[in-house]
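Right, one structure below, let's go through it.
The values are calculated or read from the model by the stated rules, or taken from the named source; none is laboratory data. Keep in mind that what you see is a predicted model, and the values were worked out from it rather than measured. Methodologically, a virtual Cβ is constructed for each residue, glycine included, from the backbone with ideal geometry; neighbour enumeration extends over all protein chains shown. For the accessible areas, the whole protein counts, side chains as well, though only heavy atoms, and no ligand, DNA or RNA atoms are used. Shrake-Rupley method; radii C 1.70, N 1.55, O 1.52, S 1.80 Å.
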Amino acid sequence: MVQIIWEFSVHPKRVSEFESVYGSTGDWAKFFQRSPRYHGTTLLRHTDHANRFLTIDLWDDQASFAAFKHQNETEYTSLDLRCEELADNEECIGTFVTL
């Protein structure tokens, strides 16, 4: 299993919307659920900075995520563009192997 971790700095007025889109039952999770190799999303909010978040997406392996993204490129890009305005900054921290 791999965990793909993203960090977001969310526009303060968009925090609620961000949480509903990026949470475990949000738009991204529903989209990823099309793949049997996706195993869920965890959304974390920083305790000292209410607009700083991490998402952790759990996949069988990096190749599974890459294949899903490639096969669904148009929808992935569309959802990504729609969500772009929610965060002031977005960075992929990396892909980590579950030990």
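A DSSP coil position with no more than 13 other Cβ atoms inside 10 Å describes the following trypsin sites (Lys or Arg not before Pro) in the chain: ARG34. Note on the range 1-54: Cα-Cα pairs beyond 12 Å make up 66% of the total pair count. What a 1.4 Å probe finds exposed on the chain is 50% carbon and sulfur by accessible area, rounded to a whole percent. Can you give the helix-only mean residue ellipticity at 222 nm for the chain, where every DSSP H stretch with n ≥ 4 adds -39500 (n - 2.57) and the sum goes over all residues, rounded to the nearest 500 deg cm²/dmol? So the calculated ellipticity at 222 nm is -10000 deg cm²/dmol.
Put simply, the amide H of ASP61, placed in the peptide plane, has neighbours under 5 Å in VAL2, leaving out anything fewer than 5 places away on its chain.
So which GluC sites (Glu not before Pro) in the range 10-86 are both in a DSSP loop and have at most 14 other Cβ atoms within 10 Å of their Cβ? Within the range 10-86, no GluC sites (Glu not before Pro) qualify (loop, at most 14 other Cβ atoms within 10 Å). Rolling a 1.4 Å probe across the protein heavy atoms gives the chain an accessible surface of 62 Å² per residue. The phi torsions of the range 43-58, fed into the Karplus equation with coefficients 6.51, -1.76 and 1.60 and a -60° offset, translate into couplings of 10, 10, 10, 5, 6, 9, 10, 5, 10, 10, 9, 10, 10, 10, 9, 9 Hz, rounded to whole numbers, with Gly and Pro shown as x. Using the Karplus relation 6.51 cos²θ - 1.76 cosθ + 1.60 with θ = phi - 60°, the per-residue 3J(HN,Hα) values for the range 20-33 come to 6, 7, 9, x, 5, 10, x, 4, 5, 4, 4, 5, 5, 5 Hz, with x marking Gly and Pro.
Mean projected area of the convex hull spanned by the Cα atoms of the chain, taken over all viewing directions: 6.1 nm². Post the alpha-carbon centroid distance, the range 52-99 to the range 33-47, in whole angstrom. Cα centroid of the range 52-99 versus Cα centroid of the range 33-47: 10 Å apart.
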